1. Checking W86 against (1) buried (at least 16 other Cβ atoms within 10 Å of the Cβ); (2) in contact with a strand residue (DSSP E or B) (Cβ under 7 Å, 6 or more places away or on another chain); (3) within 22 Å of L34 (Cβ to Cβ); (4) modelled with pLDDT of 90 or more: exactly one of these is not met. Which one?
2. Just one of (1) over 14 Å from the mean Cα position of the chain (by Cα); (2) over 15 Å from P162 (Cβ atoms); (3) among the hydroxyl-bearing types (S, T, Y) trips up T92, so point out which.
3. Anything in the stretch 50-83 that is more than 25 Å from A127 (Cβ to Cβ) and not in a strand (DSSP E or B)? List them, or say none.
4. State which residue is farthest from the chain's Cα centre (by Cα) when the search covers only the stretch 39-88 and only residues that are closer than 19 Å to Y181 by Cα and small (G, A, S).
5. From the set of residues in the stretch 159-194 that are surrounded by fewer than 21 Cβ atoms within 10 Å (Cβ to Cβ) and small (G, A, S), which is farthest from the chain's Cα centre (by Cα)?
6. For the stretch 120-140, what are the residues that are in a helix (DSSP H, G or I), over 16 Å from D42 (Cβ atoms) and touching a strand residue (DSSP E or B) at 6+ places or on another chain (Cβ under 6 Å)?
7. Taking the stretch 144-158 as the search range and keeping residues that are touching a residue at least 60 places away in the same chain (Cβ under 8 Å) and within 14 Å of the chain's Cα centre (by Cα), which one is farthest from V60 (Cα to Cα)?
8. Go over the candidates F93, F119, F80 one by one and state the one that is crowded, with 19+ Cβ neighbours inside 10 Å and of a type outside the set (A, V, I, L, M).
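The values are calculated or read from the model by the stated rules, or taken from the named source; none is laboratory data. This is a predicted model, so every value here is computed, not measured. Ideal geometry is used to build each Cβ from the backbone, glycine not excepted, and the neighbour counts take in all protein chains shown.
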Amino acid sequence: MRCSDPCDWSNRMSIEKSNNFKIRAALSTDLVRLVGMDHSCDSDYVWQLDLKKDAGEINVTLRDVRLPRSVRTEYPRDHFSLADTWKKDARTFVAVSDGTPIGYIRFLEQATAESVWVFDLVISTEARQKGVATLLIQFVEKWSIERKNRQLFIETSSKNHPAISLAKKMGFAFSGYNDHYYATQDVALFFGKLLKQF
């Protein structure tokens, strides 16, 4: 049985940590703060995709390559469109500390496939490397299990080494790519995880 109202569910399932992070459904009053966050990231690595096609066989190799210097990776989506789409096509939850949003996650449930796709995960610059992204993904994982979904997927740019490292650390496995996915022409990588039902 699926929960009927995600806001009721988030009230029952609010996750808190000792450092005062709390997860809640996004409000319209959060949008200025969310859109204004720095959506880019810095990286010393990039994931390089090698594709080899032979008769009857396709081999994909994904490897991280250290760059000669740190590069800034721009977000592959237009984050300003969040103000128009935040409630229409997906669910949006925010991490809040002392009443201020410090990160957000957007995801789409595909009930027919019993899966959930995380397609936006953004943490404010001052809150990075403090466990906020992990907390948001854990929240979506529990939300997904509660709603009887079998799989959770995360999409990210091949240039977003911090997101890829986090996905791998949290038990997600590489499950595919699309080299024409983003308007920026960045390669999209997909990581998936089977969910344990309790």
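1. (4)
2. (1)
3. Those that are more than 25 Å from A127 (Cβ to Cβ) and not in a strand (DSSP E or B): A55, G56.
4. Step by step, filter the stretch 39-88, then rank; the result is S81.
5. Only one residue tops the list, namely A183.
6. Just the residues of the stretch 120-140 that are in a helix (DSSP H, G or I), to begin with: 125-127, 132-140.
Narrowing the set further to residues that are over 16 Å from D42 (Cβ atoms) leaves 132, 134-140.
Within the stretch 120-140, V132, L135, L136, F139, V140 meet the criteria.
7. Among those residues, the one meeting the criterion is S157.
8. The match here is F93.
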